[in-house]
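Read through the structure below, which is laid out as structure tokens, and then see the notes.
The values are calculated or read from the model by the stated rules, or taken from the named source; none is laboratory data. Note that the coordinates shown come from a computational prediction; the quantities given were computed from them, not determined experimentally. Positions of Cβ are generated from backbone atoms using ideal geometry, with glycine treated the same way; all protein chains shown enter the neighbour counts. What goes into the accessible areas is simple: the full protein's heavy atoms, side chains included, and nothing from ligands, DNA or RNA. Shrake-Rupley method; radii C 1.70, N 1.55, O 1.52, S 1.80 Å.
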Amino acid sequence: MEAPILTTTEKLSASRWIVLAVIVLAQFQIMLVVFAPAAVASPIISDLRLTRTEFGLIMSVLNIAIMICQVLGSVLVDRAGLKLGLLSGVALLGMGAAIMLVVHSLALVLFSRVLQGIGVGICYPVMGALIVAWFSKREQPYINTIFAAVTFLGIGSGMLITVGLFRWFNRSWRLAVGTYGISILATALIWLILGRNRQEAVSAGDTLATGATARTPSSLRTALTMPVVRTLVLGALAISWVYNMDFSFIPLFLEARRGISLSEASRLASLVPFSGVAGVIVFGLLANRATWRKHLLWASCAIVLLGSISLFFGEGAATKVGLLIAGFGLSGWLPVLNTYIMSLPSMTPSLMAAFVVLVNMAIYTAGFISPLAVGWLSQGAFGLRNSLALFSWFELVAILAFMQLPTISRNLGETNVQ
């Protein structure tokens, strides 16, 4: 019996599912790797004899590498194509994560984290470009919601899985953290075999526009001339400061303040990202209303502020409520921000990659500075709780910035802003 011959439409549909599956898998693994050290912070600090500032450097150095190397991701989209771009990023991430299996000094840990950051920095502009290239504007809010939900599932699962691996490997944090590198390299191999650059069966106009943009090496320069970029950058920097600070230090804060075990602290801290999954779904669905998008951005920041008050100054059940509320808000901005950017006029895969680079430069600049700042300030009499509470007020900057964004004036398939 002859094998059935797939039509062009069927091949296209299968390729779209492959692209989505690889993006989702890669993002889940990225989150496992990025925040894995936070789940085993105490063993790392004790084994390597680190200060909190040095541990903050482990968490933050990855972010500065991401910030710098995203430009490379945008260039790869323009010059080498989406398949090679994502392959390069995922492979470097896997190699960097695998190095953690053999680290024995702070310097080698930092080298591993820098290599991971280079990989992530390449991946994110390519992922944004893949979503724009393969999915319509009507589909993009749903894809961004899935992407953001996986982000917080990855963070929450990482806290639980990493501690589980830590116990499984006889309290070896190196094996617990470094094992992720093997699975990431497997993902790179899958993409090498199955990945494609962009869908072929699109309208002629879209094909011409996409192709022309992909061949034009000035996407970053074009994005820099758009006023909306500066507003997005300021808001993203402020909210990312709090986001990275919380996910880097909340497990350690709970362990120290409540006097509980590492496992209990990680389970309790996982309420934040798992609550974030609900926030992603709610905000992501609401983002289908184009005119609501900028308001959803600042509303998520206000929710984080409310949750932070209960989290850092409450006791018992109030702390758990604060974790849930803060997590709900910390996640809400992510799918909305991506959808907002994708719905801007004349957005193309190449321009989307450039926007991702510029906004993420702000996000990861804050991600580099905030853990260092919290680690340094918390070592003195001010303490970890007060340091976290103080910097939570950076959400006010994000609120004011997002309020200044132009409102998207048409729903799904937008062409204008007002």
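In table form, for the structure just shown:
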| read-out | value |
| --- | --- |
| Rounded to 10°, Cα long-axis angle of helix 82-99 versus longest principal axis of the chain | 20 |
| Relative contact order computed over the chain (Cα-Cα under 8 Å; 6+ residues apart), in percent | 26 |
| Between 0 and 90°, nearest 10: helix 227-258 axis offset from the chain longest Cα axis | 30 |
| MRE, 222 nm, helices only [DSSP H, n ≥ 4, -39500 (n - 2.57), over the chain, to nearest 500] | -27000 deg cm²/dmol |
| Rounded tilt (10° steps) of 52-79 against the dominant C-alpha axis of the chain | 10 |
| Candidate residues LYS294, LYS83: accessible-area rank, largest first, probe 1.4 Å | LYS83, LYS294 |
| Separation of the ALA107 and ARG257 label points, Cα + 7 Å toward Cβ, nm | 3.7 |
| Share of carbon and sulfur in the accessible heavy-atom surface of the chain [1.4 Å probe, %] | 68 |
| Rounded accessible area per residue of the stretch 255-317, 1.4 Å, Å² | 40 |
| Anisotropy class of the stretch 63-103 from Cα gyration tensor, a/c 1.5 cut | oblate |
| Three-way shape call for the stretch 58-160 based on the alpha-carbon gyration tensor, with the a/c threshold at 1.5 | oblate |
| In Hz, Karplus ³J(HN,Hα) per residue of the stretch 281-293 (6.51, -1.76, 1.60; θ = phi - 60°; x = Gly, Pro) | 5, 5, 5, x, 5, 5, 5, 5, 7, 4, 6, 8, 4 |
| Cβ-Cβ FRET estimate between ALA381 and ALA14, R0 fixed at 60 Å, reported to 0.05 | 0.50 |
| Cα pair count fraction exceeding 23 Å, expressed as % - the stretch 293-418 | 42 |
| DSSP loop chymotrypsin sites (Phe, Trp or Tyr not before Pro) with at most 15 other Cβ within 10 Å: longest gap in the chain | 170-381 |
| Volume per residue of the C-alpha convex hull in the chain, rounded to whole Å³ | 138 |
| Separation between Cα centres of the stretch 141-194 and the stretch 286-313, rounded to whole Å | 27 |
| Whole-number percent relative contact order across the stretch 288-418, with pairs defined as alpha carbons under 8 Å at least 6 apart | 40 |
